[in-house]
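The values are calculated or read from the model by the stated rules, or taken from the named source; none is laboratory data. On a predicted model such as this, the values are computed, not experimentally measured, just so you know. Accessible surface is based on the protein model in full, side chains and every heavy atom, while ligands, DNA and RNA are left aside. Shrake-Rupley method; radii C 1.70, N 1.55, O 1.52, S 1.80 Å.
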Amino acid sequence: MLAQHLMLIAAGIVLAMGSGHMVLTFFSRAFFPRDETLKEKMQSTAARFNTRMQMWNAWIGFNASHSMGPMLFGLIYGYLSLMHPEFLLSSQFLMWLGAAALAFYLFLAMRYWFYLPLIGITVSLSFYIAGMLTA
């Protein structure tokens, strides 16, 4: 029971982070460059491999798809924690796959992102590992 709740908390944190990123992508200016001329340049510059794809659209699409990974992780592992905890906690494959995914997000956060995602992923991974150890 404790392991189930720890996994659910870990999944919820990641789901919230991915959802927040999606909201910021489409409903705020959070990912707009501070320099307005850079946005204008991105809107008028095409990618090398497709002249009809503007870099600004690619940037928005990247941020939206980037949000989907954590959202899917949170939804899948949250669902399994709630509805099928015995299956999740007894599957070495799923347990290690989740740990590997969170560890990779932690690497990305440490190497490329800023402190808020790093904190969120660290806390989530801590709950996840605690869930694995108590399972």
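Per residue Cα convex hull volume for region 29-78, in cubic angstrom? Don't skip to the answer; put the middle values down first.
Working: hull volume 4.2 nm³, N = 50.
Here the figure is 83 Å³ per residue.
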- Query: If one computes P(r) from the Cα atoms of the chain, what percent of pairs lie at distances over 22 Å?
  - Reply: 45
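On the protein heavy atoms, probe 1.4 angstrom, tell me the percent of accessible surface of the chain carried by carbon and sulfur.
Numbers: 6090 of 8590 Å².
Carbon and sulfur atoms account for 71 percent of the accessible area of the chain.
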- Task: Please determine, in degrees from 0 to 90 and to the nearest 10, the orientation of helix 92-112 with respect to the longest principal axis defined by the Cα atoms of the chain, where the helix direction is its Cα long axis.
- Result: 40
- Which shape class applies to region 63-120: rounded if a/c is under 1.5, otherwise prolate when a/b exceeds b/c and oblate if not, where a ≥ b ≥ c are the square roots of the Cα gyration tensor eigenvalues? prolate
